[in-house]
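What follows is a single structure, written as structure tokens, with notes after it.
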Amino acid sequence: MIKKIIAAAVASFLLTASVFTPNAVAAPKSVAAKKIEKLFPVPDAEGLIASGTSLITFSNTGGANSNVVVTSFDLLGTTLWQLTIDSGVDEVATAAFTDTSGDIWLAGSAALAFTLIESATAASSAENPDGVLLEPLVPLRADMNQLALWKISSTGELLETFTSEQSTTPLVDNISVNDSGISIIGKMQERSFLINSSLTGVMGKALFIGSSKTNLTSVVRSSDGSVNVFGDSSETLAGKKLAGIRDGILVKVSKSGAIKSLVRSSALKGNRSWLSADANFTLTGFVKVRKNIESAITRFNSSFAPLWTVRYPSNGNSRLIASGNKSHVAIGSTSAIKGIKGWRPREPQLLVLSFDRKGRLLAATGSADLVSASSLAYSKEIGLFGIATARDSSLHIFKAG
């Protein structure tokens, strides 16, 4: 009887949304580490996406007013087209996404431009599930209080611009687009927000999640209009208490803007954060306990139950992108890894790993010249690419596999 009670208690613990252990661990498969191909420098690039056979970067320029520059390259580094978004006032892009038609979506902040199309705003109140008392918001720059969306064709034509006025400057971190709409996450006055928009630019009110102690880093929009956001928190959220020093969080938000569930992933006396996610519900982030740092890669089901997980020693940096049922993860690897032949870094080196949906390691590519990736991009026409920092701190586009 006692054994049955203990077994039931353990099963209940595994199903709670505060601390969890994955149900299965991906078995390592022996692969040979191939060499990453470093292509060409992109000194000002802040992000990379792929559309068809082109690689597209975006950057922000200074001067009398800040502008957004979008550049399309071929695989040799030749510029195919370049678009400067300049409304005559300041605009800054900080996140990008390619939709299924190949169109490019940029998100960021902007001043109120004379010719921009002002979007309608849905009349709904902001959610505050934890009853956090809001301090008066002081604008960082009153002229940059517009949340901005730019839609660009794969040939470099600015198709549409949408803005929505906010109470303070929105600092966008990530964007997800599908046929059901657009989801944007970021910070406003040090609080993490989620804002949803229709494809025609009708933006809803901000859903704030937690206080300055919570960070949202990645967003994945579902086909039914619900939204999944990921990041980390060092405070109680949705009734779920802090388990480590800082926990990774997975939050499901309904189409109506209500928090449906929240799962915490923790390390005892440690720091955890989810940094990147793909549409397959595969996530990557760091786990830091004392001086030990690892990159965790975990695949979840749609209810946030873990299916498999692996961890590798790293500098904590990691990025992830999907291609079909495969997930590709770039980490700053710091040691040899069992199952990867010929990989023995003595200092942080870029390593890109490819997994199938069951967590089997399919391929590994690495570089002694590059340290860690800031962006990954995938196109079925040209494959897997990214932007990485070299040892001299310069930025380069690379091809993996």
**OP:** Decide, for segment 260-392, between rounded, prolate and oblate: order the square roots of the alpha carbon gyration tensor eigenvalues as a ≥ b ≥ c, take rounded if a/c falls under 1.5, and otherwise choose prolate if a/b is larger than b/c, else oblate.
**Re:** oblate
**OP:** Evaluate the distance, in nm, between pseudo-label points positioned 7 Å from the Cα of E381 and of D99 along their respective Cα→Cβ axes.
**Re:** 1.8
Subject >> Net length gained if the chain between S394 and S323 were fully extended (0.36 nm per residue, minus Cα distance) >> reply: 22.8 nm
Original post:
Modelled label-to-label distance, K35 and D356, 7 Å Cα→beta-carbon offset: nm?
Top reply: 2.9
**OP:** With θ set to phi - 60°, apply the Karplus curve 6.51 cos²θ - 1.76 cosθ + 1.60 along segment 83-89 and write out the HN-Hα couplings as whole Hz, x wherever there is a Gly or Pro.
**Re:** 10, 10, 8, 9, 8, x, 10
Subject >> Simple label model, 7 Å out from Cα along Cβ direction - S167 to L112, nm >> reply: 1.8
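Which net charge results for the neighbourhood of Q349, defined as the other residues with beta-carbon distances under 14 angstrom from its beta-carbon, given Lys and Arg at +1 and Asp and Glu at -1?
+4
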Subject >> Cα centre as origin, Lys/Arg/Asp/Glu Cβ charges: segment 187-316 dipole, Debye >> reply: 340
Original post:
What net charge is computed for the residues neighbouring G225, neighbours being all others with C-beta under 13 Å from the C-beta of G225, Lys and Arg scored +1, Asp and Glu -1?
Top reply: +2
**OP:** Report, to the nearest whole %, how much of the accessible area of the chain belongs to carbon and sulfur atoms, 1.4 Å probe, protein only.
**Re:** 54
Original post:
What FRET efficiency comes out for the pair K338/L242, r = Cβ-Cβ distance, R0 = 25 Å, nearest 0.05?
Top reply: 0.15
Original post:
Of D86, D232, D247, which has the largest mean-square fluctuation in a 10 Å C-alpha GNM of the chain?
Top reply: D86
Original post:
Using a ≥ b ≥ c from the Cα gyration tensor of segment 229-309 (square roots of the eigenvalues), is it rounded, prolate or oblate, where a/c under 1.5 gives rounded and otherwise the larger of a/b and b/c decides, a/b for prolate?
Top reply: oblate
Original post:
How much FRET efficiency would the formula 1/(1 + (r/R0)^6) give for D143 and W81, where r is the Cβ-Cβ distance and R0 is 35 Å, rounded to 0.05?
Top reply: 0.75
Subject >> Per-residue HN-Hα couplings for segment 194-199 [Karplus 6.51, -1.76, 1.60; θ = phi - 60°; Hz; x = Gly/Pro] >> reply: 10, 10, 9, 9, 6, 5
Subject >> Straight-distance crosslink candidates among lysines, where the alpha carbon sits under 25 Å from K260 and sequence neighbours closer than 8 are dropped >> reply: K187, K205, K213, K240, K241, K252
Original post:
With r defined as the distance between the Cβ atoms of D44 and E160 and R0 fixed at 30 Å, what FRET efficiency is calculated, to the nearest 0.05?
Top reply: 0.75
Subject >> Three-way shape label, the chain, alpha-carbon gyration tensor, a/c 1.5 >> reply: oblate
**OP:** Would you mind getting the accessible area per residue of segment 186-312, heavy atoms of the protein chains only, 1.4 Å probe, in Å²?
**Re:** 36
**OP:** Could you let me know the centre-to-centre spacing of segment 258-334 and segment 147-215, using Cα atoms, in angstrom?
**Re:** 24
**OP:** Count charges around V68 for me, please; just the other residues with Cβ under 14 Å from its Cβ, Lys/Arg as +1, Asp/Glu as -1.
**Re:** -4
Original post:
Given the Cα-Cα distance of K260 and T53 and 0.36 nm per residue of separation, how much length would full extension add, in nm?
Top reply: 70.6 nm
Original post:
N174's amide H: which non-local residues (gap 5+, or another chain) put their own amide H closer than 5 Å, with H modeled 1.01 Å from N in plane and none for Pro or chain starts?
Top reply: I185
**OP:** Could you work out which residue, out of S154, S302, S54, moves most in a Gaussian network model of the chain, that is, has the largest mean-square fluctuation with Cα springs under 10 Å?
**Re:** S302
Subject >> Cβ charges +1 (Lys, Arg) and -1 (Asp, Glu), total dipole of the chain, debye >> reply: 2760
Subject >> Set of lysines with alpha-carbon distance to K326 below 19 Å, sequence-local pairs under 8 removed >> reply: K29, K34, K358, K380, K399
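The values are calculated or read from the model by the stated rules, or taken from the named source; none is laboratory data. A quick note: this is a predicted structure, and the numbers were derived from the prediction, not measured. All Cβ positions, even for glycine, are placed from backbone atoms using ideal geometry, and neighbour counts span all protein chains on display. Only protein heavy atoms, including side chains, enter the accessible area calculation; ligands, DNA and RNA are left aside. Shrake-Rupley method; radii C 1.70, N 1.55, O 1.52, S 1.80 Å.
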